[in-house]
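*Asks:* Quick one: structure below, then a few questions.
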Amino acid sequence: MAIRKSYEEINAKIRAGQAVVVTAEEIIPMVAEQGAEKVAQTVDVVTTATFGPMCSSGVFLNFGHSDPPIRMKKVWLNGVSAYAGLAAVDAYLGATEEAEDREPGQTYGGAHVIQELLEGRSVHLEAVGSGTDCYPLREWESDITLAEINEAILFNPRNAYQNYAAAVNSSAETLYTYMGVLLPNLANVTYSTSGALSPLLNDPEYRTIGLGTRIFLGGAVGYVAGHGTQHNSARERLPNGVPLGGAATLSVTGNLKEMSPDYIQAAVYEKYGVSLFVGIGVPMPVLDADMVRCLAVSDADIYTGLVDYGVPRRARPVLAKVSYAELKSGHINLNGRRIPTAPLSSMRKARQIAALLGEWVRSGQFLLQEPAERLPLGKSLTSLNVKEGC
Amino acid sequence: MRCRFTIKFPPESSKIPLTYHLIKDYDFMVNILRATISGEQEGRLLMEVEAEPDKLEQGLAFLKSHNVTIIPLNQQITVEQDRCIHCGACTAVCLSGALSLDRDNWQLVFDSEKCVMCGLCVPACPLRLIRAEFK
């Protein structure tokens, strides 16, 4: 009889310290050798992970009230502006916001502030208000640390892209992009997912992921807050359900105070700007053999488009379809030409996260949470267009 | 024996055909990978040489006798490896293969003997961990 397991059954095994946990890479040869039904009986949880630059990230901060109190209208942290159009001492610091007073070559942004806070360092807070009857103070300046402020809630509107286009440059000039340095005349290719270990590629139609899913976020326990921005689940798919390019996205949240600088890292992309490496791990419940077949996806089964960034348009040409087995091998063949490839997300860190999350589950401290609402299927994107008469 | 290094020579030595002597007198096989000579005639050559061990020693002694400084490559380019997250972005621009990822454990590997000091990796590192100075 085909095996079926509920979240409750899997969590009971986790509580008892008896759950069998493997990573999404380790399960691939197991399924090849034993078949999906057998693996569904023996394995309870499969861990997936990614550690890549995720620009759409940031943190909600509450600084606590000054005396006399101030209603902060503008806020800067180490010279980086945070959005303060919220209640008196709340602000949202975006990872890509850059300090304006830095010398060329000294790019510094919100991601760096987040990292310094995580490292326990002091950050300089400046704020201005207009002075009201209830909030009379007009200016505030002091140093703060992560431990001293009320809250620091990481809330990233778009992380963990389900697949992403690989990048190449057919133009005659070097391009400096968020996909790294793209050399002219198709001299290199960059890509940015962890392939067979990547969370959303292991559950391509979101059976187990959605609002409320408990995850590893930046070294702490976090949650999926729903689908992310630019969620494009209507993307064309392969017969195995894997989308052929950027598709679903996750919005995630967690307590920055509990996170670790080992799994959150500020980054600068030359002539592009600041980004934030975010470590995300998602545990997948082995509900049945169908779930195992999804989790057994290998790099050879996952394809993405090779997009030409040499064409500066929204719809850039797709030059070829390439598999992650090719991309991860170190080169691809394009029309008979051998082009070297390089990742932008760290497989090494992703493996560390998948292993660490596995330890958390095995030790009984991390239970799986069934989502209150799964990620939507069939959602497509709209674009910003010029309208007649404007 | 094969090795790669930069020689830095003072203005007075720029008039001597140093490379010619290395080839003719010491049987060096020389591949010049990078060269600059400043307005003051101070020069730098990044070269890969292959020679018999005793000839190599004699040739390097010859260079030193003309006030030439020999700088190993690993003193000119450094990667702060303990902070590296092994993302691989630097390997995208390293066509010489000095920076590569071990495809088994996905760790960054830096082999300074393959470096040609092009400097492209310096801005490519998102953590700014690479320093390279051809001087």
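Just so it is clear, none of the values below were taken in a lab; they were calculated from the coordinates. These numbers were taken from a predicted model, which means no experiment stands behind them. Please note: Cβ atoms are built from the backbone with ideal geometry, for glycine as well, and neighbour counts cover all protein chains shown.
*Asks:* Let me check I've understood the local charge: for A:A88, count other residues with C-beta under 15 angstrom from its C-beta, Lys and Arg +1, Asp and Glu -1. What total comes out?
*Replies:* On the way: positive: A:R71, A:K73, A:K74, A:R138; negative: A:D67, A:D90, A:D133, A:E139, A:E151.
For residues surrounding A:A88, the net value is -1.
*Asks:* Arrange the following residues from fewest to most other Cβ atoms within 10 Å of their Cβ: A:T48, A:T382. Before the final figure, lay out the partial values.
*Replies:* Working: A:T48 30, A:T382 5.
Ranked by crowding around the Cβ, least crowded first: A:T382, A:T48.
*Asks:* In vacuum, with every alpha carbon of the stretch B:43-106 counted as one equal point scatterer, what does the Debye formula give for log10 I(q)/I(0) at q = 0.13, 0.18, 0.23, 0.26 Å⁻¹? Two decimals, please.
*Replies:* Debye intensities relative to I(0), on a log10 scale: -0.59, -0.84, -1.04, -1.23.
*Asks:* Of all the Cα-Cα pairs you can form in chain A, what percent are over 35 Å apart?
*Replies:* Details: 23958 of 75855 pairs.
Summing the P(r) of chain A above 35 Å gives 32 percent of all pairs.
*Asks:* Which value, in debye to the nearest 20, gives the size of the charge dipole of the protein assembly as shown about its Cα centre, when Lys and Arg are +1 and Asp and Glu are -1 at the Cβ?
*Replies:* Working: 48 positive and 57 negative charges, 231 e Å.
Around 1100 debye, computed over the protein assembly as shown.
*Asks:* Could you tell me which of rounded, prolate or oblate describes the stretch A:135-261, using a ≥ b ≥ c as the square roots of the eigenvalues of the alpha-carbon gyration tensor, with rounded for a/c under 1.5 and, failing that, prolate when a/b is larger than b/c and oblate otherwise?
*Replies:* On the way: a/c = 2.60, a/b = 1.40, b/c = 1.85.
Here the stretch A:135-261 falls in the oblate category.
*Asks:* Would you mind checking A:K74/A:K379; B:K8/B:K114; A:K5/A:K379; A:K38/A:K328; A:K271/A:K321 for any pair whose Cα atoms are more than 26 angstrom apart?
*Replies:* Values: A:K74/A:K379 36 Å; B:K8/B:K114 19 Å; A:K5/A:K379 29 Å; A:K38/A:K328 29 Å; A:K271/A:K321 28 Å.
Checking Cα-Cα distances, A:K74/A:K379; A:K5/A:K379; A:K38/A:K328; A:K271/A:K321 exceed 26 Å.
*Asks:* Cβ under 14 Å from A:G120's Cβ, A:G120 left aside: what net charge do those residues give with Lys, Arg +1 and Asp, Glu -1?
*Replies:* Numbers: positive: A:R121, A:K257; negative: A:E116, A:E119, A:D143, A:E148, A:E258, A:D262.
Charge balance near A:G120 sits at -4.
*Asks:* Round to the nearest 0.05 the FRET efficiency obtained for A:N62 and A:T177 when R0 = 25 Å and r is the Cβ-Cβ distance. Walk me through the numbers before you get to the answer.
*Replies:* Details: r = 35 Å, r/R0 = 1.41.
With R0 = 25 Å, the Cβ-Cβ based efficiency is 0.10.
*Asks:* With +1 on each Lys and Arg Cβ and -1 on each Asp and Glu Cβ, how big is the dipole of the stretch B:76-132 about its Cα centre, in debye rounded to the nearest 20? Kindly include the intermediate steps, with their values, before the conclusion.
*Replies:* Numbers: 5 positive and 6 negative charges, 44 e Å.
Rounded to the nearest 20 debye, it is 220 debye.
*Asks:* Counting residues in the stretch A:13-85 as N, plug N into 2.2 N^0.38 Å and put the Cα Rg over that result.
*Replies:* Details: Rg = 23.9 Å, N = 73, 2.2 N^0.38 = 11.2 Å.
My calculation over the Cα atoms of the stretch A:13-85 gives 2.13.
*Asks:* Moving to a separate point now. Using a Gaussian network for chain B with springs between C-alpha atoms less than 10 Å apart, which of these wobbles most: B:N74, B:N31, B:N105?
*Replies:* B:N105
*Asks:* Express the Stokes-Einstein translational diffusion coefficient of the stretch B:76-132 in µm² s⁻¹, to the nearest whole number, given a Kirkwood radius over alpha-carbon pairs, 20 °C and a viscosity of 1.002 mPa s.
*Replies:* On the way: Rh = 11.1 Å.
Estimated diffusion coefficient is 193 µm²/s.
*Asks:* From largest to smallest, what semi-axes in whole angstrom does the stretch B:1-123 give when each is the square root of 5 times an eigenvalue of its alpha carbon gyration tensor? Provide the component values of the computation, followed by the final result.
*Replies:* Values: eigenvalues 196, 55, 24 Å².
Semi-axes from the Cα gyration tensor: 31, 17, 11 Å.
*Asks:* Most exposed first by the Cβ proxy, i.e. fewest other Cβ within 10 Å, how do A:H231, B:H21 rank? Working shown, then result.
*Replies:* Working: A:H231 23, B:H21 15.
With the fewest neighbours first, A:H231, B:H21 line up as B:H21, A:H231.
*Asks:* Within the P(r) computed for the stretch A:200-286, what percentage of the Cα pairs occupies the region above 18 Å? Please list the in-between numbers first.
*Replies:* On the way: 1966 of 3741 pairs.
Above the 18 Å cut-off, the stretch A:200-286 has 53 percent of its Cα pairs.
*Asks:* Net charge near A:G110: determine it from the other residues with C-beta under 14 Å of the C-beta of A:G110, scoring Lys and Arg +1 and Asp and Glu -1. It would help to have the intermediate numbers written out before the result.
*Replies:* Working: positive: A:R102; negative: A:E97, A:E98, A:E100, A:E116.
Net local charge, A:G110 excluded: -3.
*Asks:* How long are the semi-axes of the ellipsoid equivalent to the stretch B:2-74, from square roots of 5 times the Cα gyration tensor eigenvalues, in whole Å, largest first? Could the numbers behind the result be given before it?
*Replies:* On the way: eigenvalues 71, 35, 22 Å².
Value: 19, 13, 11 Å, ordered largest first.
*Asks:* What's the longest piece of chain A with no exposed GluC sites (Glu not before Pro), counting a site as exposed if DSSP puts it in a loop and it has at most 14 other beta carbons within 10 Å?
*Replies:* Working: sites that count: A:E100, A:E119, A:E148, A:E173, A:E236, A:E388.
For GluC sites (Glu not before Pro) (loop position, at most 14 other Cβ atoms within 10 Å), the longest site-free span of chain A is A:237-387.
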